[in-house]
Amino acid sequence: MIPVPPADRLAKVKEYYFSKKLREIAVMNQENPTVINLGIGSPDRPPHPDVIEALYHSAAQDQTHGYAGYKGAIELRRAFSSWYQKYFGVG
């Protein structure tokens, strides 16, 4: 087997942000076990039953199925356009 050296750009790679944060949360939980972890999309508590019920009823409606429009909501498109104009001068 021919050894393949790692790419030079890997020297710039730092520790994954959330691995550091999860260590900090673990320390905080040792000091105060009421810390709620809302990190990286995997919360440590389930949604409230009312949220599950609302999602269930919404998913059961016929008009909630299908693809979204390709152009998107005009209000959102205008907001994006205004933001790009403000910060980048793009019209």
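Of all residue pairs spaced 6 or more apart or on separate chains, none has beta-carbon atoms under 7 Å together with a first member in region 12-33 that is under 18 Å from residue 44 (Cβ atoms) and a second member that is hydrophobic (A, V, I, L, M, F, W, C) and exposed (fewer than 10 other Cβ atoms within 10 Å of the Cβ).
Cβ-Cβ contacts under 8 Å between residues 6 or more apart (or on different chains), taken from a first residue in region 58-80 that is closer than 30 Å to residue 90 by Cβ to a second residue that is surrounded by 10 or more Cβ atoms within 10 Å (Cβ to Cβ), are listed as 71/77.
Values quoted throughout were computed directly from the atomic coordinates according to the rules given, and no laboratory measurement underlies them. Because the structure is a prediction, the values reported are computed rather than measured. For neighbour counting, all protein chains shown are included, and Cβ atoms are generated from backbone atoms with ideal geometry for every residue, glycine included.
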